[in-house]
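Worksheet for the structure shown next.
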Amino acid sequence: MDYIIKLAFVLLIFIYAWFFQAQNQEWDIDRELLKHAINMAVHDAAQEMNESERASGRLVFDPAAAEASFRETLKANLGLDDSLAPRTGSRLRSKVEVVDFVVIDESSGVTFPFLYEDSRYGITKFLQGPSVIAVIKTRHPVLIARAKTQEDIQVPAIQEYKFNK
């Protein structure tokens with residue numbers, strides 16, 4: 001009987017470790033998916049220029065068009081609906097939230113290179129030119145109920161233009 005109790009205990013620990021590893025692997029897959037999607041989205045957002053300013057030699061974004069392009073690319077690459085909730089067939093299980101979207105360009109009153117710092121999201125970067133900065137987050141996948149809840153998966157991205165001088 002002693003042997004069976006020990007075997008059951010070892011089996012329980014093994015199963016818990018297996019699920020813990022599977023949960024961490026889910027986190028890695030979701031984070032990588034989010035990172036690729038946000039990189040493409042900020043790239044597309046950075047293409048939305050104010051053409052009249054560009055004709056005069058200044059790189060100035062159209063903020064409304066940039067954010068709309070960002071959301072459309074995010075939705076297309078992650079399989080999300082208009083409220084950024086996952087559609088049927090999406091790899092994600094939870095709604096994606098855009099927690100920050102910042103456009104810094106030549107109309108912002110800054111000179112480049114510019115040190116951009118945002119301690120809320122742990123971003124510190126010297127921007128060499130006009131940039132689009134975004135942060136998204138979604139809930140951590142949960143396979144094992146634990147006393148400590150996991151922090152959300154938070155992913156930042158920056159797309160910048162670098163001036164050739």
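We did not get these values from a lab; they are worked out from the coordinates using the rules stated. Only a predicted model underlies this, so the values are computations on that prediction, with no experimental measurement involved. Neighbour counts are summed over all protein chains in view; Cβ atoms, including those assigned to glycine, are modelled from backbone coordinates with ideal geometry.
Points worth noting:
- Each peptide in 72-80, 3-11, 87-95 was scored by the mean count of other Cβ atoms within 10 Å over its residues; highest first, the order is 72-80, 87-95, 3-11.
- Cβ-Cβ FRET estimate between residue 7 and residue 150, R0 fixed at 41 Å, reported to 0.05: 0.85
- Using the Cβ-Cβ distance between residue 56 and residue 21 with R0 set to 45 Å, the FRET efficiency works out to roughly 0.20.
- Secondary-structure-derived ellipticity at 222 nm for the chain, considering helices only, amounts to -13500 deg cm²/dmol, per-run term -39500 (n - 2.57) for DSSP H runs with n ≥ 4.
- Relative contact order of region 1-135, defined on C-alpha pairs under 8 angstrom at six or more residues apart (%): 19
- Annotation: the chain has a Kirkwood hydrodynamic radius of 18.3 angstrom, from the mean reciprocal C-alpha pair distance.
- Efficiency of FRET between residue 111 and residue 47 - r from beta-carbon atoms, R0 25 angstrom, step 0.05: 0.60
- Close amide H contacts of residue 106 (hydrogens built in the peptide plane, cut-off under 5 Å, sequence separation of 5 or more or a different chain): 59, 61.
- Its residue count N fixes a reference of 2.2 N^0.38 Å for region 51-148, and the Cα radius of gyration divided by that reference is 1.38.
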